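The values are calculated or read from the model by the stated rules, or taken from the named source; none is laboratory data. Predicted model only: the values in this text are computed from it and were never measured. Here the Cβ positions follow ideal geometry from the backbone for every residue, glycine too, while neighbour counts run over all protein chains shown. Accessible surface is based on the protein model in full, side chains and every heavy atom, while ligands, DNA and RNA are left aside. Shrake-Rupley method; radii C 1.70, N 1.55, O 1.52, S 1.80 Å.
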Amino acid sequence: MTDDVQYVYVVEGLDLDLADKVPGQVRKAAMRAVNYASAKGRTASGRAIRNHANLPAGYLTGADGRLQLSKAASAGNLERDITARRRPTSLARYYSGGSKARGVRVTVKPGHAKYLRRGFIMKLRSGASESNNKGLAIRTDGGAPAGSFKAKKINDNLWLVYGLSVDTLFRRVIDEVSPGIADDMEAEFWRQLNLEGA
């Protein structure tokens, strides 16, 4: 099982099984439309996710972002995937203040901070986290922290805590952004056809 899930958009009505019969100008316009709309859709998806989760744009759509585009569509392959990371996001990504002695504040939903009295930021072994080798840990009296999501046990009284994966957040906004992606693809397809003089 991989850490990623892919979402695919294609040009509706363009039968990929009839590749030999589709004029080159049409395929080129479709290829450009797919590449344009998928790139724009990735940006729109990141923006929609940030309306629900306090994550920086670069974390989602930067060079090493958790929303990635697959290899660009070509005239022979009119598909391009938007891939979202499935691994839960460390709550350290949402850290917004505090100390080991007094607890920490996290802001998962923009504008809504939550205080974790027994929480603190801790350094992790190299490669153990995507959050600059830091995690958010919570001390308990035994057992996972109440209401925690995907808590990872360090010992009986210490747990690393996580928030939703980018994939889960993406699934929550995909219906919101899909119509815009489809509209952008259609508009760009016809624009490219006009440029090709088809």
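Given (1) assigned to a helix (DSSP H, G or I); (2) farther than 30 Å from Trp159 by Cα; (3) open to solvent by 40 Å² or more (accessible area, probe 1.4 Å), where does Ala30 come up short, assuming only one miss?
(3)
Identify the residue in segment 157-185 that is closer than 19 Å to Tyr94 by Cβ and β-branched (Val, Ile, Thr) and, among all such residues, is most open to solvent (accessible area, probe 1.4 Å).
Thr168
Just one of (1) assigned to a loop (DSSP other than H, G, I, E, B); (2) over 29 Å from Thr107 (Cβ atoms); (3) among the small types (Gly, Ala, Ser) trips up Ala144, so point out which.
Here Ala144 clears every test but (2).
Within segment 138-161, which residues are in contact with a Ser or Thr (Cβ under 6 Å, 6 or more places away or on another chain) and not β-branched (Val, Ile, Thr)?
The answer is Asn157, and nothing else.
Could you tell me which of the residues Ala101, Ala187, Ala113 is over 28 Å from Arg47 (Cβ atoms) and among the aliphatic types (A, V, I, L, M)?
Being over 28 Å from Arg47 (Cβ atoms) and among the aliphatic types (A, V, I, L, M) holds for just one of Ala101, Ala187, Ala113, which is Ala101.
State whether the residues of segment 157-165 include one that is touching a helix residue (DSSP H, G or I) at 6+ places or on another chain (Cβ under 9 Å), part of a loop (DSSP other than H, G, I, E, B) and not acidic (Asp, Glu).
yes
Check Gly97 against each of (1) within 17 Å of Gly135 (Cβ to Cβ); (2) over 20 Å from the mean Cα position of the chain (by Cα); (3) open to solvent by 30 Å² or more (accessible area, probe 1.4 Å) and name the one condition it does not meet.
Answer for Gly97: the failing condition is (3).
If I go through segment 143-156 residue by residue, how many of them are of a type outside the set (Lys, Arg) and open to solvent by 70 Å² or more (accessible area, probe 1.4 Å)?
Of the residues in segment 143-156, 6 are of a type outside the set (Lys, Arg) and open to solvent by 70 Å² or more (accessible area, probe 1.4 Å).
Restricting attention to segment 42-77, which residues are touching a residue at least 12 places away in the same chain (Cβ under 8 Å), under 15 Å from Val108 (Cβ atoms) and either open to solvent by 50 Å² or more (accessible area, probe 1.4 Å) or not hydroxyl-bearing (Ser, Thr, Tyr) (or both)?
Ile49, Arg50, Asn51, His52, Ala53, Asn54, Leu55, Leu60
Let me spell it out: the conditions are (1) open to solvent by less than 20 Å² (accessible area, probe 1.4 Å); (2) closer than 30 Å to Tyr115 by Cβ, and Glu188 meets all of them except one. Which number is the exception?
Of everything listed in (1) open to solvent by less than 20 Å² (accessible area, probe 1.4 Å); (2) closer than 30 Å to Tyr115 by Cβ, Glu188 misses just condition (2).
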